[in-house]
Amino acid sequence: MKRTGLLLTGMVIVTGCLAYACWTLPHQEQESYRQEDVGAQQEKQEPAEQVIQREKEEGYAYGKLSKQEQELYLEIRDALVQFQEDVRLSSCDKEEISHVFQCVLNDHPEIFYVEGYNYTEYTLGDILKKITFSGSYRFNQTEIAEKQKLIDNYVNQCLAGMPEDADDYTKVKYIYEYLIHCTEYDAEAEDNQNICSVFIEGRSVCQGYAKATQYLLNEAGVFATLVLGRVVGGEGHAWNLVQVDGQYYYVDTTWGDASYQAVGGAGYPGEKIPTINYDYLCVPTEQMNLTHTLDNVVELPECSSMDANYYVREGFFFTEWQEEQAEKIFREEYEKGSAYVTLKCANDEVYRQMQEALIERQEVFRYLDCPDGVVSYSDNAEQYSMSFWL
C-alpha cells in the first residue's frame, strides 16, 4: 500500500487506500478475509424472534460484531451513505476497520456505488492518535440517483409479479427464477461486483447475482445476506444465506443459471442444458459443503433443515425408491409440458437404487415417451440426483 507522509507541527499525517475485495468467477485472484467470531456472543441471550428482527433491520454481519465493532460499523455505514469525508473513527486498528468495512458492504447491497475507502492516520511521534475515513466512490451523486431510478423500476416490476399470498419459500423461489431468467452470466459485464450489472445491464457474475438476490429478498420481506467463499477449483465465489419460516438455508442463484452452466460446464448431454438448476435452492450446510467452502467475514449458522428445499417442497425428493412416486412425477411433468425433470435422493443408497431401477433395468422407458428408443439424461452422484429430458 503506497503511503505519503507530511510532518506538520509534530504530527505525521499518513494517507492510504484499501481496495474493496472483489469476488468473481472464475480465474481471478481473490483477496480473502479471515473468518473470525469477534464478539459474537451477546451479554444476554436474545429471544429468537428478536434476533431475526435485528438481522432484518441492522444486517446479519452487524449482529455478529462486538459492541465496539458495531459502533465502528455505524460510523462507516453513515459515512458511505451520507458521502461524508474525513470522518473520525472510534477505532485506530486498521485490520478492524478493514473487517468492519467489509461487513457493511456485505449487509448493504444498496451501497452499490462504493469501491473502497481512504484513511488518514494522525500521529504524534510514534503514537497513533486518530484515523479519519472517507469513502471511495465509483459514481458521482447524480449518476447514483439516475441508476437508483433504474434499479427501483426493475425491483418494482419484479415484485409486482409475485403472488400476493406468497410465503417465504414461494418468494425465494420466485426471485431465484426471475433473476435467472433475466440475467446472463458474463465475466466481462460492467459493474459486475454490484447490483447495477443485474438490475440495469442484465449481465453479471456471482457477486452481482448474490447481491441482487439479497436486495430483492430483503425488499420482499425475506431475510437474506451475502456469503463469501470458494468453490471446487479454488475460485472465489459469492452466494446467499436466507431464512424461510425461521430456518436458515443456502441459495446460489449463479449456479442455478443455465448461462453459467454453459460457461462452467455442468456435464449435460449434448447441447441440452436445463434452463434452471434447482440443486442450489434452499439447501443445508451438509449439501453445500460438497461444492462450496466458506471464507466469510463473520460466522454463519449451521443450516440443517430440508423443509424448504426445492425438491422436498415440489415433491421430487426420494427418501426411498418408490415406483409409484416416480410414475406420478413423470406423468404430471408431461401434463405441464415440462422439458425435463430432476429427481433427487436423500442419500447415496437411495440414489443407487434409483439408478439401478431406471437405468440398469431400463424401467425409465415405462415413464418416458421415447419413440426412437433413446433417453437423454444426466446423473449427478455428488448431488444424488438424476435429470431426464421429456
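The values are calculated or read from the model by the stated rules, or taken from the named source; none is laboratory data. Here the structure is a predicted model, which means the values were calculated and not measured. Every residue, glycine among them, receives a Cβ derived from its backbone with ideal geometry; neighbour counts consider all protein chains shown.
Of everything in region 214-228, what is surrounded by fewer than 19 Cβ atoms within 10 Å (Cβ to Cβ) and touching a Ser or Thr at 6+ places or on another chain (Cβ under 7 Å)? Give them in sequence order.
Scanning region 214-228 gives no hits.
Taking the condition of being touching a strand residue (DSSP E or B) at 6+ places or on another chain (Cβ under 6 Å) and either acidic (Asp, Glu) or part of a helix (DSSP H, G or I) (or both), how many residues in region 76-91 meet it?
4
Taking region 129-184, which residues are part of a loop (DSSP other than H, G, I, E, B) and either of a type in the set (D, E, K, R) or buried (at least 19 other Cβ atoms within 10 Å of the Cβ) (or both)? Talk me through it step by step, then tell me what you get.
Within region 129-184, the first condition is being part of a loop (DSSP other than H, G, I, E, B), and the residues that meet it are 138-140, 161-167, 183.
Answer for region 129-184, where residues must be part of a loop (DSSP other than H, G, I, E, B) and either of a type in the set (D, E, K, R) or buried (at least 19 other Cβ atoms within 10 Å of the Cβ) (or both): 138, 164, 165, 167, 183.
The conditions are (1) surrounded by 13 or more Cβ atoms within 10 Å (Cβ to Cβ); (2) outside any loop (DSSP other than H, G, I, E, B); (3) modelled with pLDDT of 95 or more, and residue 14 fails exactly one of them. Which is it?
(3)
Being under 19 Å from residue 292 (Cβ atoms), among the polar types (S, T, N, Q) and free of Cβ contacts under 8 Å to residues at least 40 places away in the same chain narrows it down to one residue among 197, 204; which is it?
204
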